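Asker: Here you go, one structure.
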Amino acid sequence: MEKIYDILIIGGGPGGITAGIYAKRAGKNVAIIERYMPGGQVSQIGDIENYPGFDKINGFELANKFYSHATSLHVPFLMEEAVKVDFSSEVKVIYTRKNQYKANVVILAMGCKTRELNIEGEQEFKGKGVSYCAVCDGNFFKGQTVAVVGSGDSAIGDAIYLAGICEKVYVLTKNGFKTTNHPVDELDKYKNVEVLDKAISGKILGEKTVQKLEFVQDDKTKTIDVNAIFVAIGRTPDTAILENQVALSDKGYIKVDKNFMTSAQGVFACGDIVEGSIKQIVTATGDGALVATKAILWLAKR
């Protein structure tokens, strides 16, 4: 007999894992489809200081705690990438590159993906000095000179992390910092960090690896010598596979009702991927608990 899950969750970040925990504790046959690493992008963050219960915790450590909690309850993780979905029937179908899975309810928790600079040299030097994760790749440039491009919390967090291992850190912002978790003057504590305000990145230069970053500041083209460039300019919703399946906002976020249900019956969504989310770990976990509860109630009424 073909296996049909009660609930399938796409995305193993804080929201998806929390939803999985709540669904499993309610006795549902549930699984989480995760393409990269349990914990999602939390695993790529440095120190986190605003998650209740921890004065300070490394993102990788927190992600591992989420994962350990879920696996202790025997929530299975299907380490595959969802490439196509079909929500047109009562039983939903999720296709990966190797398999297809069916469920009565689907919870979408794919989060967001990193936004790129879209400048000359970026694609050429990906993995050769251009990175989107300071925690993942920073150690490769220990004792060297690097640049961080961005003006939000991620950019400041990356700069602080890199300041501890690199000789020099440039931070390029378009128009000052716009943060919610870090004081704007926090980088003043680090003597090896230099902020270049009103700097618009224009070109990445090098031979086999990154060597220079060209930018425009005060209507003048300038260049700095760097060994790596860490891009931290925000994220976009990871909703490409959902086109024509659920209603999306103009910016690609999923529209949901008060019960976290999308425009497709039996398909729910939570976390950063939802329109109006403030993109915090704590709100993603809260959403995960709520969406699982709503999904369980919806199943009971079918």
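The values are calculated or read from the model by the stated rules, or taken from the named source; none is laboratory data. Please read these numbers as outputs of a predicted model, since none were measured by experiment. Methodologically, a virtual Cβ is constructed for each residue, glycine included, from the backbone with ideal geometry; neighbour enumeration extends over all protein chains shown. All accessible areas refer to the heavy atoms of the entire protein, side chains included, with ligands and DNA or RNA removed. Shrake-Rupley method; radii C 1.70, N 1.55, O 1.52, S 1.80 Å.
Asker: Let me spell it out: the conditions are (1) touching a Pro at 6+ places or on another chain (Cβ under 8 Å); (2) more than 12 Å from A109 (Cβ to Cβ), and Y36 meets all of them except one. Which number is the exception?
Answerer: (1)
Asker: Looking at region 245-302, which of the residues that are basic (K, R) and assigned to a loop (DSSP other than H, G, I, E, B) is farthest from V91 (Cα to Cα)?
Answerer: Only one residue tops the list, namely K279.
Asker: Give region 224-244 a look and list any residue that's aromatic (F, W, Y) and either within 30 Å of V93 (Cβ to Cβ) or in contact with a Lys or Arg (Cβ under 6 Å, 6 or more places away or on another chain) (or both), or say none.
Answerer: none
Asker: Ok, one more. Identify the single condition in (1) over 18 Å from G234 (Cα atoms); (2) without any contact (Cβ under 8 Å) to a residue 24 or more places away in the chain that G276 does not satisfy, given that it satisfies every other one.
Answerer: Of the numbered conditions (1) over 18 Å from G234 (Cα atoms); (2) without any contact (Cβ under 8 Å) to a residue 24 or more places away in the chain, the odd one out for G276 is (1).
Asker: State the number of residues belonging to region 165-201 that are touching a Gly at 6+ places or on another chain (Cβ under 8 Å), among the acidic types (D, E) and closer than 20 Å to E214 by Cβ.
Answerer: Qualifying residue count for the region: 1.
Asker: Within region 127-142, track down each residue that is part of a helix (DSSP H, G or I) and either open to solvent by 10 Å² or more (accessible area, probe 1.4 Å) or modelled with pLDDT of 90 or more (or both).
Answerer: The answer is V135, C136, D137, G138, N139, F140, F141.
Asker: If you don't mind, there's one more thing I want to ask. Of everything in region 204-215, what is touching a Ser or Thr at 6+ places or on another chain (Cβ under 9 Å) and over 21 Å from G176 (Cα atoms)? Give them in sequence order.
Answerer: Hits for region 204-215 are L205, K212.
Asker: Still on this structure, please answer the following. Across region 83-124, what is the total count of residues that are under 29 Å from A155 (Cα atoms) and touching a helix residue (DSSP H, G or I) at 6+ places or on another chain (Cβ under 7 Å)?
Answerer: Qualifying residue count, region 83-124: 5.
Asker: While we're on this one: With the requirement that a residue be outside any strand (DSSP E or B) and either of a type in the set (A, V, I, L, M) or open to solvent by less than 40 Å² (accessible area, probe 1.4 Å) (or both), what does region 208-231 give you?
Answerer: Across region 208-231, the qualifying residue is only V226.
Asker: For region 178-189, check the following and say yes or no: at least one residue is in contact (Cβ under 8 Å) with a residue 24 or more places away in the chain, in contact with a Ser or Thr (Cβ under 7 Å, 6 or more places away or on another chain) and among the basic types (K, R).
Answerer: yes
Asker: Only one residue in G234, G252 is under 24 Å from the mean Cα position of the chain (by Cα), under 21 Å from V146 (Cβ atoms) and surrounded by fewer than 18 Cβ atoms within 10 Å (Cβ to Cβ), so which one is that?
Answerer: G234
Asker: I need every pair where a residue in region 86-112 that is free of Cβ contacts under 8 Å to residues at least 24 places away in the same chain and on the phi < 0 side of the Ramachandran plot has its Cβ under 6 Å from the Cβ of a residue that is surrounded by fewer than 20 Cβ atoms within 10 Å (Cβ to Cβ) and not aliphatic (A, V, I, L, M), sequence separation at least 6 or different chains.
Answerer: V93/D86; V93/Q100; V93/K102; Y95/K84
Asker: Turning to a different aspect of this structure: Cβ-Cβ below 6 Å, separation at least six or inter-chain, first residue in region 119-140 and among the hydroxyl-bearing types (S, T, Y), second at pLDDT 90 or above and not in a helix (DSSP H, G or I): which pairs?
Answerer: S131/F230; Y132/V231
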